[in-house]
Structure formats: structure tokens, C-alpha cells
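Data first, discussion second: the structure below is written as C-alpha cells.
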Amino acid sequence: MTIKEYPQDTLAAQPIGYWTREAAGLAIGGLRTALAEEDLTQPHWWTLNHIAGAPGHWTRSALAEKLAPFDDQDTDFDAVFADLASRGWLAESGATLTLTAEGEAGRLRARDRNAKVHARMRVGIDDDAYAATIDVLRRLVANLGGDGDLP
């Protein structure tokens, strides 16, 4: 991939809204496409990761409440949980959710697909530049009254 180089003053005059929207659309679209190969949505992915990260911790209502702020698709989380359960990926023990072996295998396949999208996004961007970009975006969010803390 070849990308044209521009002087710093030209780049500094660029509209942040355009570039953040463009980057977000392409990044989210790429991840959603990769997840769709496993017949998953982002809310499926979030669910799998949260449950894997804290087995036996999450109830349906607590997890739906945790994930809702990240959702831009008006997701019915109960339907997501039911879908994962019907696949045999999610089990409920009492009120808590756990992944089955099939669910963990599916999560790992989806993780590998997502990793390829992330690697493609990061071509030519070292860790220092990436971290600086994230920090700038956090500060922009905080300056505009949003939450600049990491999710």
C-alpha cells in the first residue's frame, strides 16, 4: 500500500470529524465482516469476551447493562444470549453465564479473524504512533465533555 505524504501544517488543518468517522466506519465494518464469517455480530463478540474474561461472574441483566453503552444497533441482548445458548456456546448455571468448550472454540476463531483485521489496520503504524493516536483521541473526547477513560 502506498500513501501520499503531506506536510505537518497540511495534516494539522484536516477535519478530525471526517477522519475519525472514516476510520471508525472502516474499522468497525472490517470487524463486523470478519465476525459475520462466524455468523456473529459485535454484541455476540462482546458477550463471548466478557464471559470468557470472568467465567461465572455475569448474569444476563448485568452483562446487558455493561454492554449497552457500546451498542449502536439497538441490540436485544436477551436474543444474543439465547442465540449463543441455542448454538451450545453459552450455558447458564443458576443465574450466571459461562462459555462451553464450543463457545470458547468459536470465540477463539472469531478472535483470530479479528486479529487479521487489526493487523491490516496497523500496517506501517508502530506501537508508539498507535498509542499516541489513542491518547490524542481520548483527550479530544474528554475536551468535548465525554469520558476519556479507557473502556
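The values are calculated or read from the model by the stated rules, or taken from the named source; none is laboratory data. Keep in mind that what you see is a predicted model, and the values were worked out from it rather than measured. Using ideal geometry, Cβ is built from the backbone for each residue, glycine included, and neighbour counts are taken over all protein chains shown. Heavy atoms of the whole protein, side chains included, go into the accessibility calculation; ligands, DNA and RNA do not. Shrake-Rupley method; radii C 1.70, N 1.55, O 1.52, S 1.80 Å.
Peptides 3-10, 138-145: what's the order by average Cβ count within 10 Å, highest mean first? Mind dumping the intermediate values first?
On the way: 3-10: 7.5, 138-145: 11.1.
Per-residue Cβ counts within 10 Å, averaged per peptide and sorted highest first, yield 138-145, 3-10.
Projected onto the charge dipole of the chain (+1 at Lys/Arg Cβ, -1 at Asp/Glu Cβ, origin at the Cα centre), which of Thr20, Thr59, Gly148 gives the Cα projection farthest towards the positive end?
Towards the positive end, the residue furthest out is Thr20.
Where q = 0.15, 0.22 Å⁻¹, what log10 of I(q)/I(0) comes from the Debye formula for the stretch 45-151, counting one point per Cα?
-0.81, -1.15
Are there trypsin sites (Lys or Arg not before Pro) in the stretch 79-123 that DSSP puts in a loop and that have at most 15 other Cβ atoms within 10 Å, and which ones?
Within the stretch 79-123, the qualifying trypsin sites (Lys or Arg not before Pro) (loop, at most 15 other Cβ atoms within 10 Å) are Arg122.
Would you mind giving the three semi-axes, in whole Å and largest first, of the ellipsoid equivalent to the stretch 1-66 according to its Cα gyration tensor?
37, 15, 10
Could you work out what % of the accessible surface of the chain is carbon and sulfur, using a 1.4 angstrom probe and leaving DNA, RNA and ligands out of the count?
That share works out to 57 percent.
Give me the 1.4 Å probe accessible area per residue for the stretch 84-137, excluding ligands and nucleic acids, in Å².
61 Å²
Report, in whole Å, the centroid distance computed from the Cα atoms of the stretch 116-151 and the stretch 11-38.
So the two Cα centres are separated by 12 Å.
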